[in-house]
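Asker: Okay, here's the structure, questions in a sec.
Derivation of every value follows stated rules applied to the coordinates shown; laboratory data play no part. None of these values were measured; they are calculated from a predicted model. Here the Cβ positions follow ideal geometry from the backbone for every residue, glycine too, while neighbour counts run over all protein chains shown.
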Amino acid sequence: MGKKNTAIATGTAAAPLIDIGIKGKDREKIVAGLSKVLADTYTLYLKTHNFHWNVEGPMFNTLHLMFMDQYTELWNALDAIAERIRSLGYPAPGTYGEFARLTSIEETEGVPDALEMVRLLVVGHEAVARTARAAFPAAEKGGDESTADLLTQRLQIHEKTAWMLRSLLK
């Protein structure tokens, strides 16, 4: 009946080894890329939420609401990315220390003015897009259509959000 799948003992039950059609080394490389996407997404989430709390000026209401929509979308994306990492058989990074090591987005000290917040969020969304795009080769090499689909969705959202934010700076 096909090849035998050995199990790893965990407590009283034995869980079968992961056999989803993606080789272990490929899964490891895919997870490395997804972990960076997760870290960038979390860092951008935190920055966007911070700006939501602290925005001031004539565009307050517009930006306050826009930032809330954006941080809510980012918050929801975190779960999808982390659960994809778990589905590939690895723990998802989940501490500030891990995120700080993995992210490409710099923290913003102090409270910038409203238009600088918008500019910084453009930079942040473009950074996540670059990180997601960089994760594609491992997903493609491993034949991981699920991760490729997730990355495509994230790219669409970050590229569109960057465009919309950039439009406010014209």
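Asker: Could you please state, rounded to a whole Å, how far the C-alpha centre of the stretch 143-165 is from the C-alpha centre of the stretch 65-130?
Answerer: Spelled out, the Cα-based centre of one part sits 13 Å from the other.
Asker: Further question on the same structure: Calculated from DSSP H runs of 4 or more alone, at -39500 (n - 2.57) each and per residue, what is the 222 nm mean residue ellipticity of the chain, nearest 500?
Answerer: Numbers: 5 runs with 118 residues, N = 170.
Mean residue ellipticity, 222 nm, calculated: -24500 deg cm²/dmol.
Asker: With a 10 Å Cβ neighbour count serving as the proxy for reagent exposure, in which order, fewest first, do Tyr42, Tyr90 appear? Write down the numbers at each step before the final one.
Answerer: Details: Tyr42 24, Tyr90 16.
Fewest-to-most Cβ neighbours within 10 Å comes out as Tyr90, Tyr42.
Asker: Can you put Leu151, Leu63, Leu46 in order of Cβ neighbours within 10 angstrom, beginning with the fewest?
Answerer: On the way: Leu151 26, Leu63 23, Leu46 19.
The most exposed by this proxy come first: Leu46, Leu63, Leu151.
Asker: Based on alpha-carbon positions alone, could you give the equivalent ellipsoid semi-axes of the stretch 22-168 from the gyration tensor, as √(5λ), descending, whole Å? Write out the running numbers ahead of the final one.
Answerer: Values: eigenvalues 174, 43, 27 Å².
So the three semi-axes of the stretch 22-168 are 30, 15, 12 Å.
Asker: Across the chain, how many lysine pairs separated by 8 or more positions, or lying on different chains, have Cα atoms within less than 29 Å?
Answerer: 22
Asker: Further question: Would you mind ranking Trp75, Trp163 so that the residue whose beta carbon has the fewest other beta carbons within 10 Å leads the list? Before the final figure, lay out the partial values.
Answerer: Details: Trp75 15, Trp163 12.
Taking fewest neighbouring Cβ atoms as first place, the list is Trp163, Trp75.
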